[in-house]
Structure formats: structure tokens, C-alpha cells
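Structure first, then comments.
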Amino acid sequence: MFDSLAKTLSCDLDVANLPVRAEQIRARLKSYPVMVAGQVLIAGLLVSMMWDKVSHSLLLIWAGVLLVELAVEAFHAWHYAYETRTLDECRLWRARMITFVIITGSIWGTGGVLLFVPDDLAYQALLICVYLGLAAGAATTNPVFPPALYIYISLLMLPLLMVNALVGDRVHIILAIMLTVYLAYVINAGRALAHTFELALRRTFENEQLVEQLTGEKSHAEQSDRMKSRFLAAASHDLRQPLHALNLFLAALKTHVSGARGNELHCKVEHSVEVLSSMLDILLDVSRLDAGVVQPNYQLFTIQSLLIRLKEEFLVLAQEKGLQLEVAECDKQVCSDPVLLECVLRNLISNAIHHSEQGTVSIYYKVIEQGLEVTVQDTGVGIAPENLPHIFEEYYQVGNQSRNRRKGLGLGLAIVKRLDRLLGYQLQVHSILGEGSRFVFIIPEREPVAVEI
């Protein structure tokens, strides 16, 4: 019976709206325990109320038929509750529910006729109140499954309405009119609730689809970015080789260039190649870090030799800008990758000198429980609070919105942040606009473990 009815009612349930219709069916199934318990309780109270006014056998037969139907309905809801995954299963459940609603609504509608006590307006009013309550309850629970709303309330109220109309006196005619108005109002209110529930379901599924689509696109973009980084990391030697050859050719060409104009052009070409080489080196370093091909080679070494080399490298640049470069002496041994640590310090010192016009750039240290705390501090322009969260982003340069390449690519701090994550340095930055900045990181205590690259 259910299979044939399912085919008849399948026009409103197809692949396109399956998710929404399936969720409506599941919502209806979830409400079954409360619905069944409520109907059993109301039926019991109604029988008790009418016990002295209606034939006992009639009451017991009506209540028994209702209880059997509710038991069958509850059994199906419990036994087949999880069969709402496929289109065929949902069509079958739709047919079951409509069948149960027709039977249950017909039993309650019949009760409105059988339990109608002639010539006793008080009991008639009590019966009407019970049915009004049933209709109101159906309007608030059945909108999750709209067919149940329209069928159940109509079958529930129409027989009682017709009985009052057939009595024919003025009071019952008025009652019939009032019941008609109430029926129309309840169905309309239930229809609005059903529309709201379905709209909420559709928006939920649309949002889930958008999230799934965005997640897929994000994953694809991240995969493409990783593939690009791996390609650049793998091709770094091949990309550097032509520039290296170009530098050799420029050096060889210098002996063949004569005249002031020729030497001037040669110097400009040489400078352009140096800038290009520097930019390419930075970009390839970022790509190698993003691709994960750089692995730290931890060694135990004294940091002082590294500091001396960096001071000699940046001292002339600092003096040209009228800055003092102060590097504290440190005989502490640390366990880290000396090449990567040097890269971190070089970028931080270069950044400090670049953003300072006067004063001092200082590098000092403090032994703490976690390891060696290293500080690179300057008395430069500082960083505004709104810019501070962005300074480690690629190509972000405070005060260089015009993208003047003479001021660099804005990748120095991006490299520092990547190396910080790789080495576990816990880098922090503190800055006051107009007073300077302080970059602090910790070289943690660890045992030296050599890792092959």
C-alpha cells in the first residue's frame, strides 16, 4: 500500500529538493514521541470527561482504535527512523506519514461526531475546546511536514464544524462560523510556519554548500601555492645560473668598455643585475621555506663569531646613515642552525637600520630559563598599532605604498616569521610610533641533532 502511494506522491520529492524534504521528514520523526504521548493523554482525558455522557462501549472502541493506530505509527517511526537517506526511502516515508495522518485525522474527526452530546451545550463547548487545542498543537508541530498540517487539521475540524452547522439553531450556526474562521486562521498560520521552516532549511543547505565550495577552492588554492613553491624551490639552481653567467659576462665586458658614457652605462647595468639577483634570492628563499625543503641543522656553537661577522657587515651601512651599531658581547653557546639564525639576525638588523634615521641600533642578550633571549632594538620611526599586525605579511611595507623597489620587496620580515616558526624562536615585536621598535626571540635549549638537507 505504501509503495503505490509513494509513487503517486513522488512528484514533489525529487533529487533537486531531496535534502530539504528528507530533513522535513526527519524533523517530523523527531517530533513523534511528543505527538503520540500528547494524543494519548488528551484521548484519555476526553474519554474520562465524556464517560457519563456517551456510551461506554462507543468510547472504548473509539479510544481503542486510536491507540492501535498510534501504536502502529509509533512502531514504524521507531523501526524505520533511519531510512531517510535515499530518494526511494524518503518517498516511502512520505507515503507512510500521509497515510498515518489521514487515518489519525479521520479517527479524531469521527470522535468529534461520536462524542458530540446533543442538548448539552456545556459538554459541546468542552469538546470544541479540546479540538481547538488539538488544532493549535498541530499547527505548531506539523509545519515541519506541511502535508500533515493541511490534512490533519481539516479532517480534525470539519466533522465537528458540520455537526454544529447541522444542529441548525442560532447558537450552533454561530459556533460553526467561528470554527470555520478558526480553521482558516490555523491553517494559514501553519502555512506561514511551514514556509519559514522550509526557507530556513534551504538557506542552511545553501550555506553548507557555499562553505563546502569555498573549502574546496581554498584547498585547491593552497595546493597550487604549494606546487608553485615546490617548483621554484626545485628550480632555484636553474634560475640562478643565468644570472651568475650574466655577472661573469659583465665582469669580462668591463675591460672592453671605454669612455665616461660607456663606464656609466656599464655601472647602471651592473647595479640592475645586482638588484635583480638580490630580489630573486629573496623570492627563492621564501619559496624554499614555503615548500618545506629547508630543514634546520642544529649545531652547538658560540654566537659571538656570528655577531662579529654581522657587525662588520652592517657597520658601514649604519655609519653612512649616522647611526651607532651596538652589539653586546656574548660567549654563550647555543644549539641552533647557524645559517638560519644568521638569516634571522641579518634581516632584523637590516630592517632596524633601514627604518632608523638617527640614534642607535642595538643587539643584546639575556640568559633565561628557556634559553638565550635575543633582542634587536632601534630608535627609528616605530610602527603604528594598526600596522603592527601586518608587518610579517609578504610585500607589506609601512611607508612604501608606492612600491618603490629601491626600498626592497617587503619580504625580509616575512622570511623572519617563517624561520621563527621553523626554529621555534617565539618571536615578539614591541613598538611605539616615533620612538622605535624592539624584536625579541628566544633560542631554546636543545640537544644538537644534525639533520641532512
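The values are calculated or read from the model by the stated rules, or taken from the named source; none is laboratory data. Here the structure is a predicted model, which is why all the values come from computation and not from measurement. Neighbour counts are summed over all protein chains in view; Cβ atoms, including those assigned to glycine, are modelled from backbone coordinates with ideal geometry. Side chains are part of the model used for accessible areas, which takes the heavy atoms of the whole protein and leaves out ligands, DNA and RNA. Shrake-Rupley method; radii C 1.70, N 1.55, O 1.52, S 1.80 Å.
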Here segment 348-397 gives, from Cα atoms, an Rg and Dmax in Å of 13.0, 35
Taking placed amide H atoms and a strict 5 Å upper bound, the residues 5 or more places from GLN299 or on another chain that come that close are SER336, ASP337
Note, segment 118-124: 3J(HN,Hα) by Karplus (6.51, -1.76, 1.60, θ = phi - 60°), whole Hz, Gly/Pro = x, goes x, 6, 9, 5, 5, 5, 4
Amide H neighbours of ILE383 at under 5 Å, excluding residues fewer than 5 places away on the same chain, with H built from the backbone geometry, are ILE432, LEU433, GLY434, GLY436
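Sorting check: for 86-98, 206-218, which peptide has the highest mean count of neighbouring beta carbons within 10 Å, and how do the rest follow? Display every interim value, and only then the final one.
Working: 86-98: 19.9, 206-218: 10.2.
Ranked from most to least packed, the peptides come out as 86-98, 206-218.
Ranked highest first by average number of other Cβ atoms within 10 Å, how do 417-429, 361-373 line up?
Values: 417-429: 17.4, 361-373: 15.7.
Per-residue mean Cβ counts within 10 Å order the peptides as 417-429, 361-373.
Which whole-number value in Å² is the accessible area per residue of segment 176-219, probe 1.4 Å?
Numbers: 3230 Å² over 44 residues.
So segment 176-219 comes to 73 Å² accessible per residue, rounded to a whole number.
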Whole-percent tail of the Cα-Cα distance distribution for segment 99-214, cut at 22 Å, equals 41 percent
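Could you compute Rg(Cα) / (2.2 N^0.38 Å) for segment 91-166, with N its residue count? Kindly include the intermediate steps, with their values, before the conclusion.
Values: Rg = 13.4 Å, N = 76, 2.2 N^0.38 = 11.4 Å.
Computed over Cα atoms of segment 91-166, the ratio equals 1.17.
Taking only Cα atoms of segment 40-175, what ratio of Rg to Rh do you get with Rh as the Kirkwood inverse-distance radius?
On the way: Rg = 16.5 Å, Rh = 16.1 Å.
Taking Rh as the inverse mean 1/r over Cα pairs, Rg/Rh reads 1.03.
Computing the accessible area with a 1.4 Å probe over protein heavy atoms, can you report the carbon and sulfur percentage for segment 323-383? Before the final figure, lay out the partial values.
Values: 1220 of 2700 Å².
About 45 percent, which is the carbon plus sulfur part of the accessible surface.
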Probe 1.4 Å, all chains present, heavy atoms only: ARG261 accessible area in Å², nearest 10, is 140 Å²
Residue-ordered couplings for segment 129-136, obtained by feeding phi - 60° into the Karplus form 6.51 cos²θ - 1.76 cosθ + 1.60 and rounding to whole Hz (Gly and Pro as x), are 4, 4, 6, 5, x, 4, 5, 5
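Over segment 99-213, calculate the relative contact order: mean separation of alpha carbon pairs under 8 Å at least 6 apart, over the residue count, as a percent.
On the way: 98 pairs, mean separation 34.0, N = 115.
Computed value for segment 99-213: 30 percent relative contact order.
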